[in-house]
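Heads up: the structure comes next, in structure tokens.
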């Protein structure tokens, strides 16, 4: 990703699932670390915790009604099990976030990881390695920059 973005003077709401706690806490820490790494102040972040990934889109809808952040980042982990529950939860949470994103004037980033095993999820949430929470926050910051440039660019 480009480094032409900053978190200075940026407000972010993070909606995080509490299911798969160890993994999501690593993802959340990665997102917070990325925000401060890019100049953000942790006091400019609001975190809402929900039971699982399925509750994230509804909570994002409420955030859009009650807050005015620069972006919203969804964080969670859905791990495949022995039943089709994985497919329903992963699909519906993704669909809900996607729909909200298309109808919003701010970036809404889907940082919910979906994996086949708990080990795959741990691999994607390493505090000092590959961390999809960090990547989701950087995607939010970069997309804020893109949206801002579109609002100010009058060449088309």
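Taking the listed residues 76, 30, the one that is within 12 Å of the chain's Cα centre (by Cα), buried (at least 24 other Cβ atoms within 10 Å of the Cβ) and either closer than 13 Å to residue 137 by Cβ or without any contact (Cβ under 8 Å) to a residue 12 or more places away in the chain (or both) is 30, with no other qualifying.
Of the numbered criteria (1) touching a strand residue (DSSP E or B) at 6+ places or on another chain (Cβ under 9 Å); (2) within 22 Å of residue 36 (Cα to Cα), the one residue 93 fails is (2). Residues in region 1-25 that are under 19 Å from residue 115 (Cα atoms) and crowded, with 23+ Cβ neighbours inside 10 Å: 16, 17, 23, 24. List the pairs whose first member sits in region 39-64 and is at positive phi, whose second member is surrounded by 15 or more Cβ atoms within 10 Å (Cβ to Cβ) and assigned to a loop (DSSP other than H, G, I, E, B), and whose Cβ atoms are under 7 Å apart, counting only residues at least 6 apart or on separate chains? Close Cβ pairs (under 7 Å, with a partner that is surrounded by 15 or more Cβ atoms within 10 Å (Cβ to Cβ) and assigned to a loop (DSSP other than H, G, I, E, B)) amount to 39/7.
Residue 114 meets all of the listed conditions (1) in contact with a strand residue (DSSP E or B) (Cβ under 7 Å, 6 or more places away or on another chain); (2) part of a helix (DSSP H, G or I); (3) in contact (Cβ under 8 Å) with a residue 24 or more places away in the chain but one, namely (2).
Only a single item in (1) over 17 Å from residue 34 (Cβ atoms); (2) crowded, with 16+ Cβ neighbours inside 10 Å; (3) in contact (Cβ under 8 Å) with a residue 24 or more places away in the chain is not met by residue 99, and it is number (2).
Within region 123-143, identify whether any single residue is at pLDDT below 95, within 20 Å of residue 21 (Cα to Cα) and part of a strand (DSSP E or B), and answer yes or no. For region 123-143, residues at pLDDT below 95, within 20 Å of residue 21 (Cα to Cα) and part of a strand (DSSP E or B): present. Would it be correct to say that residue 119 is touching a residue at least 24 places away in the same chain (Cβ under 8 Å) and either part of a helix (DSSP H, G or I) or closer than 28 Å to residue 149 by Cα (or both)? No: the conditions fail for residue 119.
The values are calculated or read from the model by the stated rules, or taken from the named source; none is laboratory data. Just so it is clear, the structure is predicted and the values come from calculations on it, not from any experiment. Neighbour counts run over all protein chains shown; Cβ positions are idealised from the backbone, glycine included.
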